[in-house]
Amino acid sequence: MNLQLFLAFVVVAAALACTPGVDWAYSITAGLGRRSFVPAVAGLCSGYVLHTVLMVAGLAALLAGMPGVLGWITVAGAAYLLWLGTATIRSWRGASFTAAAAADNPGQNQLRTFLQGMGTSGINPKGLLFYVALVPQFVSAEAPLPVPVQSGLLGLTFVLLAAIVYTCVALLSRKLLHSRPGAARKVTLTSGIIMVCLGAVLLSEQLLPLIADLA
């Protein structure tokens, strides 16, 4: 693999991982009121592992070239964000750093947190397009490694960077808000609103053209 291309990719991927968005919102929210935020971060990263597998298999480019299918994926992702954001907003009054919420069935709560994180990143069409549009620009046909292997390594590099960034976000949030339950509730409410807004934007991007055509 071309070292210069790889380093350039690391810089770009790190910048994207450091950009606040729905993944950040979920990392912060999932850490509130739970024993550990690790399942949330692991779930988010697993979603990007799924994107990496799709990219290496060539399915990502195929889906990106099918506007109809990608449109339905976007609608599903938007609906999921609206549901997750609404659930987060409804729980904001009870946000804290106690383990009471996970006391009844911690294993089940951790699994749910993991699956929600995986759904947040895995069903996001923006992540799919990131792998299709960005990763190929840093793959070299002259490199000794096959193109699929290079693509897989770049995809997993982004997963690693995302894991580091989301872990730092969750740790800093927990440290800053640990003694501030009022601030924790406000952050939870804000995170839920961000998810709802992003879901609404994604949904409007798909529905508005349809409404315009019908009109």
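Some points to look at:
- Evaluation of Leu172 against (1) surrounded by 14 or more Cβ atoms within 10 Å (Cβ to Cβ); (2) modelled with pLDDT of 80 or more; (3) over 20 Å from Gly85 (Cβ atoms) (one fails), failing number: (1)
- Residue ID - modelled with the lowest pLDDT, chosen from residues in the range 60-74 that are small (Gly, Ala, Ser) and either buried (at least 16 other Cβ atoms within 10 Å of the Cβ) or in a helix (DSSP H, G or I) (or both): Ala64
- Applying a threshold of 9 Å to beta carbon distances and a minimum spacing of six or more residues, or different chains, the list of pairs starting in the range 3-22 at a residue that is under 20 Å from Val132 (Cβ atoms) and ending at one that is small (Gly, Ala, Ser) and at pLDDT below 80 reads Leu5/Ser140; Leu5/Ala143; Val22/Gly85; Val22/Ser191; Val22/Gly199.
- Qualifying position, being at pLDDT 75 or above, over 15 Å from Ser46 (Cβ atoms) and surrounded by fewer than 21 Cβ atoms within 10 Å (Cβ to Cβ), among Gln150, Gln137, Gln108: Gln137
This table checks each residue for (1) in a helix (DSSP H, G or I); (2) under 27 Å from Pro136 (Cβ atoms); (3) modelled with pLDDT under 80; (4) in contact with a Gly (Cβ under 9 Å, 6 or more places away or on another chain).
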| residue | (1), (2), (3), (4) |
| --- | --- |
| Met1 | no, yes, yes, no |
| Val12 | yes, yes, no, no |
| Tyr48 | yes, yes, no, yes |
| Ala76 | yes, yes, yes, no |
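- Residues located in the range 23-37, provided they are in a helix (DSSP H, G or I), among the hydrophobic types (A, V, I, L, M, F, W, C), farther than 19 Å from Thr157 by Cα and at pLDDT 80 or above: Ala25, Ile28
- If you filter the range 50-59 down to residues that are modelled with pLDDT of 80 or more and of a type outside the set (A, V, I, L, M), you find that the one that is nearest to the chain's Cα centre (by Cα) is His51.
The values are calculated or read from the model by the stated rules, or taken from the named source; none is laboratory data. The shown structure was predicted, so the numbers you read here are calculated from the model rather than taken from an experiment. Note: ideal-geometry Cβ built from the backbone for every residue, glycine included; neighbour counts use all protein chains shown.
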